Amino acid sequence: MGKFGSRSIAFRPKPTGTTHVAPKWRNAPFRFLDLPPELRHHIIEMVLLDAAPLHEDILHLFLTCQQIYAEAASLFYHHVCIQLRDDIHPLLIGSLTRVSARQHVQNLRIRFTMKESECFLDRLYGTTLSEMAEKGRLQHLRIEIGSCFPNDEFWGWDESYGYGDIRVGPGKGQVILAPLFVTKPWFQSFVGFLGDAKTVKVSLYVDAEDHDGFWCMFHRTHSSGEKCDGWWKGKSQALKIHRSSLVKTLRGAVLATPVQKEC
Ligand SMILES: [Zn+2]
């Protein structure tokens with residue numbers, strides 16, 4: 001006999017029509033965790049990604065148990081977009097634990113301006129993002145160095161934020177005119193992360209508008225072959241930077257000549 005039986009329906013016992021005994025499970029509590037993972041995923045997704053989810057529903061879901069928390073968090077934090085301003089974002093603060101939300105982030109998009117962010121870039125790239133890649137689920141990091149770069153406030157004309165001759169490249173035989181911040185520890189930490197991030201796909205973009213000549217040596221050339229010189233001729237709002245080229249050139253950059261002070 002096959003798995004589902006092969007007897008003709010004519011030979012099956014006729015229902016007595018008197019009593020019907022309900023299966024035992026019918027009165028038992030519904031066990032959500034007995035559902036197949038793909039069904040749980042679908043249900044959790046409906047709760048979290050509903051057009052107007054109730055705050056209480058999300059909270060209850062996250063507080064159910066560790067397993068449901070992990071399944072919900074991997075959906076809820078799958079894509080995260082952060083605009084960094086004067087301080088580091090709460091999601092990126094604190095040590096990484098079993099219930100840290102950021103360990104579930106798979107795709108992270110960070111937008112910041114250098115001037116506003118220098119105070120925490122060292123921490124961010126030295127520890128936080130590396131941990132998210134090594135111990136968490138971070139797979140793709142998109143970094144956008146936003147508008148206001150450069151502007152007079154950022155570049156300034158003082159010792160800290162002016163231009164200078166910088167020794168760069170392997171062996172540091174090449175000298176380029178570059179903003180002085182490229183020699184500072186927080187920027188070098190950023191470059192180090194870009195160079196060492198092996199398990200994460202990192203994409204780096206700068207604002208296409210008025211990005212000055214400094215980024216030009218690292219971004220793609222226009223299809224016309226026309227030189228950019230700080231004023232991008234294309235329609236892109238953001239220019240992709242060749243990460244390997246930036247790392248190769250700027251890692252370990254040092255000041256070549258003392259900065260001239262204006263009298
Ligand atoms: Zn350019």
Computed accessible area, PHE30, all protein chains, 1.4 angstrom probe, square angstrom: 150
Summed side-chain charge close to GLU226 - residues other than GLU226 whose Cβ falls under 13 Å, Lys, Arg +1, Asp, Glu -1: +2
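Using the structure shown, list the pairs from LYS135/LYS233; LYS135/LYS184; LYS201/LYS235; LYS135/LYS172; LYS172/LYS227; LYS172/LYS233 with a Cα-Cα distance above 30 Å, or answer none.
Values: LYS135/LYS233 41 Å; LYS135/LYS184 28 Å; LYS201/LYS235 25 Å; LYS135/LYS172 34 Å; LYS172/LYS227 26 Å; LYS172/LYS233 32 Å.
Violating the 30 Å limit, Cα to Cα: LYS135/LYS233; LYS135/LYS172; LYS172/LYS233.
If you rank LEU33, LEU204 by how much accessible surface each has, with a 1.4 Å probe, what is the order from largest down?
LEU33, LEU204
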Accessible surface of MET217 - all protein chains present, 1.4 Å probe, nearest 10 Å²: 80
Additional length obtainable on full extension of the chain from LYS198 to HIS78, 0.36 nm per residue less Cα span: 41.2 nm
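Placing +1 at every Lys and Arg Cβ and -1 at every Asp and Glu Cβ, with all other atoms neutral, what dipole size does segment 32-76 have around its Cα centre, in debye to the nearest 20?
Numbers: 1 positive and 7 negative charges, 18 e Å.
Result for segment 32-76 is approximately 80 debye, rounded to the nearest 20.
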Largest to smallest accessible area among LYS240, LYS198 [probe 1.4 Å]: LYS198, LYS240
ARG123 - accessible surface, heavy atoms, 1.4 Å probe, Å² rounded to 10: 130
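Over segment 32-76, give the accessible area per residue in Å² for a 1.4 Å probe, as an integer. The partial results should precede the final answer.
Numbers: 2950 Å² over 45 residues.
Normalised by residue count, the accessible surface of segment 32-76 is 65 Å².
The values are calculated or read from the model by the stated rules, or taken from the named source; none is laboratory data. What you see is a predicted model; the values in this text were computed from it and never measured. Neighbour counts run over all protein chains shown; Cβ positions are idealised from the backbone, glycine included. Note: areas computed on protein heavy atoms with side chains; ligands, DNA, RNA excluded. Shrake-Rupley method; radii C 1.70, N 1.55, O 1.52, S 1.80 Å.
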